[in-house]
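K.L.:
Here's a structure for you.
The values are calculated or read from the model by the stated rules, or taken from the named source; none is laboratory data. This is a predicted model, so every value here is computed, not measured. Positions of Cβ are generated from backbone atoms using ideal geometry, with glycine treated the same way; all protein chains shown enter the neighbour counts.
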Amino acid sequence: MCRSVNGIVVIDKPAGLSSARVVARVKKITGAAKVGHTGTLDPFATGVLPCCLNQATRLARFFLHGEKGYEAVLHLGSTTDTQDATGQVVSRQAVPPLYRETLAEVFARFEGVQMQQPPVFAALKHQGVPLYRLARQGRPVAKAPRRITIGRLRILEMSLPTVRFAVTCSAGTYVRTLCHDIGQALGCGGHLAALRRTAGSGFTIAEAVCLERLEAAVNDGTWRALVVPMAEALRSLPACEAGTALLEHIARGRPLSREALLDGALRCASDAPATTPIKVVDAHGTLKAVVQAAEQGDRYNYCCVFN
């Protein structure tokens, strides 16, 4: 099966399954020794969930902080304790007549850099315990607001009391909290009724496959076409094509100076910021290592090395 295959399979997560359950399904379908995902989606949400196979699990940290894209449905006129449709309704108010232009003006207020209060029903932990577990025990804990960035909010469809919209945002943004806050700004309250991730970790929904398609591809032997190789998956990182001597240098774990990297490279990106990790590939484009410049000294630290 897939025990020797290293790469990313982008799953279109179905509603009703947790991200952990999807990972378990992918592991069972593929027979991979290790599988991990690169960013949790709530069980009711759907869409892009990149799953790392085998050695690619070591790359998960490089996918956690990029911009994400979503399509969401805001239900106006009611708020819930979880800020989404899975919670208990805690208040109801009449939805005022709204023109698209008026709603667009309110949406525009939420674009840009801002502080967002994480919901009490969240996977964030307090003293090692998930917030949602404490909230369900009647002991909600409020975390400090976090700095986020909303790139763009775009109304796709209005059919009051629901509004379907698209949003791009930084990692760590809670779309359900955004819906709650927009509802408060409109004076009638609101909650997240549906959520679909359309982009994340550098991947788009066009690249995603459902679990059924993955299983069919494994059964008919065409599954390799669905696996994104590790070097290709690290799309935001500059590449350095290493010669034979440099590859051996890295494989042996020898200290890596800037001079050694540049002298041993057949091709190396030079316009990236100094702090950006670099993916080292061989002549075939296979990922051999990820390195990053040390904070002090003219050397590189190994983030990960692959045989």
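K.L.:
Looking at 294, 289, which one is of a type in the set (A, V, I, L, M) and surrounded by fewer than 16 Cβ atoms within 10 Å (Cβ to Cβ)?
P.N.:
After applying the criteria, what remains is 294.
K.L.:
Next question, about the same structure. Pull out all pairs, ordered by first then second residue, where Cβ-Cβ is under 6 Å, the residues are six or more apart or on different chains, the first lies in the stretch 129-151 and is in the same structural domain as residue 178 (by TED's automatic domain parsing) and within 23 Å of residue 171 (Cβ to Cβ), and the second is part of a helix (DSSP H, G or I) and modelled with pLDDT under 75.
P.N.:
Listed pairs, sorted by first residue: 141/131; 141/134.
K.L.:
Failed condition for residue 48, given (1) within 13 Å of the chain's Cα centre (by Cα); (2) modelled with pLDDT under 95, with all others met?
P.N.:
(2)
K.L.:
Return yes when residue 103 is of a type in the set (A, V, I, L, M) and out of contact with any helix residue (DSSP H, G or I) (no Cβ under 9 Å at 6 or more places or on another chain) and no when it is not.
P.N.:
So residue 103 fails the test.
K.L.:
At least 2 residues that are aliphatic (A, V, I, L, M) and crowded, with 17+ Cβ neighbours inside 10 Å in each: list the strands (runs of 3 or more DSSP E) lying fully within the stretch 1-112 that qualify.
P.N.:
The strands (runs of 3 or more DSSP E) meeting that bar are 7-13, 46-53, 68-76.
K.L.:
Is there any pair with a first residue in the stretch 75-86 that is within 17 Å of residue 120 (Cβ to Cβ) and a second that is among the aliphatic types (A, V, I, L, M) whose Cβ atoms are under 6 Å apart and which are 6 or more apart or on different chains, and what are they?
P.N.:
Short answer, once both residue conditions are applied: 79/90; 80/89; 81/90; 84/192; 85/193.
K.L.:
While we're on this one: Which members of the stretch 13-26 meet the condition of being farther than 11 Å from residue 52 by Cβ and either at pLDDT below 95 or over 13 Å from the mean Cα position of the chain (by Cα) (or both)?
P.N.:
14, 15, 16, 17, 18, 19, 20, 21, 22, 24, 25
K.L.:
Identify the residue in the stretch 228-262 that is touching a Leu at 6+ places or on another chain (Cβ under 7 Å) and assigned to a loop (DSSP other than H, G, I, E, B) and, among all such residues, is farthest from residue 21 (Cα to Cα).
P.N.:
Checked the stretch 228-262; the qualifying residue farthest from residue 21 (Cα to Cα) is 243.
K.L.:
Select from the stretch 193-206 the residues that are in contact with a helix residue (DSSP H, G or I) (Cβ under 9 Å, 6 or more places away or on another chain), more than 23 Å from residue 75 (Cβ to Cβ) and not aliphatic (A, V, I, L, M) and write down the one among them that is surrounded by the most Cβ atoms within 10 Å (Cβ to Cβ).
P.N.:
Ranking the qualifying residues of the stretch 193-206, first place goes to 201.
K.L.:
While we're here: Working carefully through the options 259, 207, 215, find the one that is touching a residue at least 24 places away in the same chain (Cβ under 8 Å) and either in the same structural domain as residue 168 (by TED's automatic domain parsing) or more than 28 Å from the chain's Cα centre (by Cα) (or both).
P.N.:
Every option except 259 fails the conditions.
K.L.:
Still on this structure, I have one more. In this structure, does residue 190 turn out to be modelled with pLDDT under 95 and either under 16 Å from residue 72 (Cβ atoms) or buried (at least 20 other Cβ atoms within 10 Å of the Cβ) (or both)?
P.N.:
When the stated conditions are applied, residue 190 does not pass them.
K.L.:
So, in the stretch 163-199, exactly how many residues are over 25 Å from the mean Cα position of the chain (by Cα) and under 16 Å from residue 99 (Cβ atoms)?
P.N.:
Residues in the stretch 163-199 being over 25 Å from the mean Cα position of the chain (by Cα) and under 16 Å from residue 99 (Cβ atoms): 4 in total.
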